[in-house]
1. Mark the label point 7 Å from the Cα of Arg360 along Cα→Cβ and return the residues of the stretch 467-494 whose backbone N is within less than 17 Å of it.
2. Among rounded, prolate and oblate, which fits the stretch 307-411 when a ≥ b ≥ c are the square roots of the eigenvalues of its C-alpha gyration tensor, a/c under 1.5 means rounded, and a/b larger than b/c means prolate?
3. In the chain, what percentage of the DSSP-assigned beta bridges are antiparallel, given to the nearest 5?
4. Just going by the charge dipole of the chain, with Lys and Arg at +1 and Asp and Glu at -1 on Cβ, which of Gly14, Leu4, Tyr482 is farthest out on the positive end?
5. Taking a ≥ b ≥ c as the square roots of the Cα gyration tensor eigenvalues, with a/c under 1.5 meaning rounded and otherwise prolate when a/b beats b/c, else oblate, which class fits the stretch 75-162?
6. Taking only Cα atoms, what is the 0 to 90° angle, nearest 10, from helix 442-453's long axis to the longest principal axis of the chain?
7. Helix-only mean residue ellipticity at 222 nm, the chain, DSSP H runs n ≥ 4 weighted -39,500 (n - 2.57), per residue, nearest 500. What is it?
8. Quick one: helix 420-436 against the long Cα principal axis of the chain, what's the angle to the nearest 10°, folded into 0 to 90?
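Please treat every number below as a calculation from the coordinates, not as lab data. Just so you know, these numbers come straight off a predicted model, no measurement behind them. As a convention, Cβ positions derive from the backbone with ideal geometry for all residues, glycine included, and neighbour counts pool all protein chains shown.
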Amino acid sequence: MTALNINARIAVIGAGAMGAGIAQVAAQAGHPVLLLDNRPGAAAQAIDGIDRQLGKRVEKGKLSAEARAATIARLQAVEAIEALADCELIIEAIVENLEAKRTLFRQLEGICGEQCILASNTSSLSITSIAAQLSHPQRLLGLHFFNPAPIMALVEIVSGLASDPRLAECLYDTAKAWGKKPVHTRSTPGFIVNRVARPFYAESLRLLQEGAADCPTLDSLMRDAGGFAMGAFELTDLIGHDVNYAVTCSVFDAYYADTRFLPSLIQKELVDAGRLGRKSGHGFYSYAEGAERPQPKHISSEQSIDTCVVEGSLGIAQPLITRLREQGVEIIQRDGQGLLRTGDAVLALSDGRMACQRAREDGLRNLILLDLAFDYGKASRIAISYTADIDPTALEQGVAVLQRAGLNVSPLSDSPALAVLRTVAMLANEAADALLQGVASAADIDLAMRAGVNYPQGPLAWGDAIGLSHLLKVLENLQASYGEERYRPSLALRRRVAEGRTFHDKS
């Protein structure tokens, strides 16, 4: 089944920010669009708002006046649901309430023709459950846009238990024709993005709760080392803690209190205090006028480093050696287990063990562990942890060699898998479970996380780059350190390691 004809009439029910955005997307793609809201005059006001937004784009030279006029001409506000009778696709974007959505779709079944596709923009409710009371549940699917809909590329095409696969393909092709990046997903709690993204928030919140580092340091590490657009505290302040906490609780409840999705007491306290982030003026950070943004912690060294010994390969961190060579540091290569030695300091990429544990078990004095970076060749910051009894001179030597490579060095308390590594490992692990359970394909999971939440790399591809054996070791060591099911490695990961395959290996 191909995309809907450009002349197909589309309806959007709900004229809030999301509904108006979806209506704009469909109208800009060339469809006649009806916009309905149960608040008198709201649909017309929404169209006026769209016109103003498009006007700003015209002023900036990003849109022609003709395109603006044509888009607005295709939008029509209606006041009665009966006006939607001849539509070929109706997209619901009303309040996130199961009974309200069920009632609306039952009403639509009695109005619309049999060929009309019904779609819900729900971000968290089950498509199967919404459709259960319909006479024709096969024609209801999820069409989950991300806010703001005209800008965000991702659309999740959600199939419930009864959804017609041909209609899912039609919506996929239609979203693609609208310039979006669609992905297929089964109707499971959180779909792809709201499920797989939970560890991004959860691991930073846990590190904060454990006193591993403060908010600006952890946020900076996620940006400057991890390559993410924002850190978890910045992002939850932007989203709103009431919204983010509610989604986490919803996913946690939907998975029968699986500890992987455990909500944070720190975030609950912010919600209870009314510190909801930017919209309330205070969250993890203050947004009051004149408030100064706290800076990340870092340490520096006055030591001079001219020579390093590399034992074996540093794996994904190997570009650090290139950076050191470019700075004139002499590199002596030896066989070994992936260690970088300078003076009395020993540096190694974290394998998930605490520095104190690894130093004792591997017989390494003055051990400094390195966190993950998305691109060690370009990162501007790195986190380290080290043993409590490290010689101060050795610590300075270790910091100095990282400085020589052009890195700001942020210390964390001796925490398993540090910050970026544990976050990415958990993202990849959750994505692996989604893959195992048939929620979506590996390609669609990675695309969803790149296009939906702007990750620098899909979590499964990132796991492949780290090396699945190393990823498994990190998770096993995290689980051993905490003694919790939260960090249990996915069967999909264990299977791929045993088979010698990557997540994206189709052989």
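1. Output list for this probe position: 477-483.
2. Taking the square roots of the gyration eigenvalues as a ≥ b ≥ c, the stretch 307-411 is rounded.
3. 30
4. So the residue we want is Leu4.
5. Oblate, because a/c is 1.5 or more while a/b does not exceed b/c.
6. The angle comes out near 80 degrees.
7. Calculated from helices alone, the mean residue ellipticity at 222 nm is -13000 deg cm²/dmol.
8. Approximately 50 degrees, to the nearest 10.
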